[in-house]
1. Checking the structure you have, find out if any residue of the range 34-45 is modelled with pLDDT of 90 or more and under 24 Å from Ile16 (Cα atoms).
2. Would you be able to say whether some residue in the range 79-90 is modelled with pLDDT of 85 or more and in a loop (DSSP other than H, G, I, E, B)?
Amino acid sequence: MRRNWAWHGLKIAVMITVAVNVFGYAIEHLWNWLMPAVFGLRTITFLQALGLLVLSKILFGGFHRHGSGRHGWRRNMEERWSQMTPEERERLRAGMRGRWSCGGFEPPADATTAPRQS
């Protein structure tokens with residue numbers, strides 16, 4: 001059993017190393033191809049590209065657990081749903097129907113059917 005965990009851990013470490021190198025390489029070459037020509041900036045090294053990767057992850061992606069993703073949302077929604085009264089459930093359904101349904105759109109009563117002329 002322990003050998004299986006070691007093998008699994010080694011595979012994960014190799015995949016992470018490959019992913020970091022691929023993303024670093026892609027960022028470095030995209031930067032060096034686009035930024036000097038478009039904005040007149042200097043070229044960057046591989047380590048600077050890795051720094052940009054980490055910086056963009058911090059600024060735009062954050063560091064959060066990916067395990068709670070979709071299933072975590074579903075579990076939270078199921079808990080909220082079970083605690084709602086029937087009236088609250090119907091209000092939520094009606095709100096979702098109004099927000100997400102594709103059919104059944106009715107314009108306001110005071111709106112004209114003819115398009116406006118500019």
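The values are calculated or read from the model by the stated rules, or taken from the named source; none is laboratory data. None of the values given here were measured: they were computed from a predicted structure. Positions of Cβ are generated from backbone atoms using ideal geometry, with glycine treated the same way; all protein chains shown enter the neighbour counts.
1. Taking every residue of the range 34-45 in turn, at least one turns out to be modelled with pLDDT of 90 or more and under 24 Å from Ile16 (Cα atoms).
2. yes
Here's the yes/no breakdown for (1) loosely packed, with under 12 Cβ neighbours inside 10 Å; (2) more than 18 Å from Leu55 (Cβ to Cβ); (3) in contact with a Leu (Cβ under 8 Å, 6 or more places away or on another chain):
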position: Asn4; (1), (2), (3): yes, yes, no
position: Trp7; (1), (2), (3): yes, yes, no
position: Lys11; (1), (2), (3): yes, yes, no
position: Gly24; (1), (2), (3): no, no, yes
position: Glu28; (1), (2), (3): no, no, no
position: Trp33; (1), (2), (3): yes, yes, no
position: Ala37; (1), (2), (3): yes, yes, no
position: Ile44; (1), (2), (3): no, no, yes
